[in-house]
Amino acid sequence: MYQKYYRQFLQAAQKAASPQCDLPVLHMACHSHHYWPDATLDAVKDYWQDAALMADTKWDKIFGEKIPTFQREIARVLNLPAPEQIALAPNTHELVYRLISSFDLSQPLRVLTTDGEFYSFARQLLRLEELPNVEVVRVPTQPFATLPQRFEQELVNGNYQLAYASLVFFDSGIVFPQLLKIAARKPDATQMVIDGYHGFFARPIDLSAIADKVFFTAGSYKYLGAGEGMCFMSVPRGCTLRPLNTGWFAEMAQLENRSEGVGFGNDWLRFAGATMDYSPLYKALAVLALFENQGITVDRIHSYVLSNQQRFLAAMDTADHPLFNRGNLLYHDLENGHGHFFTFHCGSAEKAGQLQEELRLKHVLCDRRKHLLRLGFAIYHPAEETFERLFT
Ligand SMILES: Cc1ncc(COP(=O)(O)O)c(C=O)c1O
């Protein structure tokens with residue numbers, strides 16, 4: 001399934017890397033950009049055919065077949081009871097900001113979050129915080145052992161309108177311990193968002209117990225490997241929020257018979273936006289179908305990655321590397337509570353940059369956020385990969 005284009009990518013990367021090294025390129029930036037299976041190219045062509053040749057009538061196919069299929073697949077993977085509650089948009093920012101726009105910003109708005117959230121939300125929150133009536137409490141993620149107690153205590157006692165936290169933190173790969181259980185006990189008056197991007201299609205996730213309590217966001221760019229442009233947010237059934245930022249798709253069902261005032265659908269369309277390019281949806285559907293046909297489940301993906309991570313750790317533990325060692329690795333519970341990448345604290349951005357360059361010369365591609373170097377694991381890494389070249 002990665003027969004053609006992934007090889008082309010590796011060959012191009014090989015040329016750009018180091019002529020002195022003859023090792024095959026190892027793409028360990030997959031936690032950021034997961035490589036796409038070949039099927040995605042046919043999917044883009046299929047979209048072109050439908051979009052261009054069906055013209056106006058394409059919308060019946062997209063809204064009548066493609067979106068419901070995607071929703072059913074996402075619901076199946078996350079064990080959500082109501083596929084029609086899964087809202088789609090090109091990125092999570094659009095969905096989260098639409099949700100935030102449901103709050104009356106002339107009234108006090110208290111937001112509980114952590115200091116480990118991805119820029120998409122963190123930046124937006126900083127801007128919101130400039131408003132005099134918006135108050136934000138950021139619970140430090142560290143120490144991770146006490147994060148659940150500290151976060152829940154605030155959540156229960158702090159009178160928050162909105163709570164937002166990542167299931168797997170983007171800067172460390174560490175899973176927020178007990179987050180789903182905490183969400184199940186949250187106060188009714190608090191709307192809660194779980195940013196599931198680094199968990200989705202990496203770790204098995206069961207949202208059945210909190211489906212009608214929380215908003216869960218994720219997308220296809222990372223572990224699904226279907227590229228940018230297809231994100232989703234599950235919406236609790238019975239949600240009556242009325243986003244201020246509302247697109248005309250939100251009234252889809254009522255368009256022919258528009259009534260006075262602003263109506264909202266009672267399903268995902270409540271959080272719908274407006275016209276967009278749906279080729280990312282076709283790509284996502286192609287990958288989902290491919291995985292299903294080949295029996296590639298999230299459980300299997302996770303156990304494959306876990307075994308590669310164990311091999312990586314074993315090789316690291318026997319090496320004596322100044323930066324790649326347990327002391328610099330950010331972790332809490334490597335067996336059960338970690339995502340599909342490792343982050344190493346390199347002391348300074350300069351040292352992290354040097355290490356990244358050394359790895360590039362050994363044909364290992366990875367990424368870095370300031371002093372933090374991140375190495376991701378994917379199903380397209382060979383099962384016989386020893387990872388030893390990283391530490392020598
Ligand atoms: C934790 C997390 N949430 C969300 C996103 C994406 O945000 P958006 O879809 O708004 O670009 C990312 C990374 O791209 C991420 O790491």
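Restricting attention to the range 350-392, the residues being charged (D, E, K, R), within 15 Å of Q309 (Cα to Cα) and in contact with a Cys (Cβ under 7 Å, 6 or more places away or on another chain) number 1.
Candidates are the residues of the range 120-145 that are in contact with a strand residue (DSSP E or B) (Cβ under 7 Å, 6 or more places away or on another chain) and assigned to a loop (DSSP other than H, G, I, E, B); the one that is farthest from the ligand (Cβ to nearest atom) is N133. Screening Y278, Y304, Y282 for residues that are of a type in the set (S, T, Y), surrounded by 12 or more Cβ atoms within 10 Å (Cβ to Cβ) and not assigned by TED's automatic domain parsing to the domain that holds P68 leaves exactly one candidate, Y304. Flag set for D206, criterion: under 21 Å from the mean Cα position of the chain (by Cα), assigned by TED's automatic domain parsing to the domain that holds L105, surrounded by fewer than 17 Cβ atoms within 10 Å (Cβ to Cβ) and under 19 Å from R237 (Cβ atoms). For the range 177-221, a residue qualifies if it is within 16 Å of the ligand (Cβ to nearest atom) and part of a loop (DSSP other than H, G, I, E, B), and the qualifying residues are G196, Y197, H198, G199, F200, F201, A202, R203, I205, S220, Y221. Considering every residue within the range 135-155, establish whether at least one is at pLDDT 95 or above and closer than 24 Å to G229 by Cα. No: zero hits. Scan the range 230-238 and tell me whether some residue there is buried (at least 18 other Cβ atoms within 10 Å of the Cβ) and free of Cβ contacts under 8 Å to residues at least 40 places away in the same chain. No - not one qualifying residue is present in the range 230-238.
Hey, can you tell me all the residues within the range 62-119 that are assigned to a loop (DSSP other than H, G, I, E, B) and either away from the ligand (no atom under 16 Å from the Cβ) or modelled with pLDDT under 95 (or both)? Walk me through it before giving the result.
Step one: list which residues in the range 62-119 are assigned to a loop (DSSP other than H, G, I, E, B), which gives 79-82, 90-91, 101-108, 115-118.
Result: N79, L80, P81, A82, S102, F103, D104, L105, S106, Q107, P108.
The residues of the range 314-329 that are buried (at least 16 other Cβ atoms within 10 Å of the Cβ) and over 23 Å from A349 (Cα atoms) amount to a single one, A315.
The values are calculated or read from the model by the stated rules, or taken from the named source; none is laboratory data. Note that this is a predicted model, so its numbers are computed, not measured. Virtual Cβ from ideal backbone geometry, glycine too; neighbours counted across all protein chains shown.
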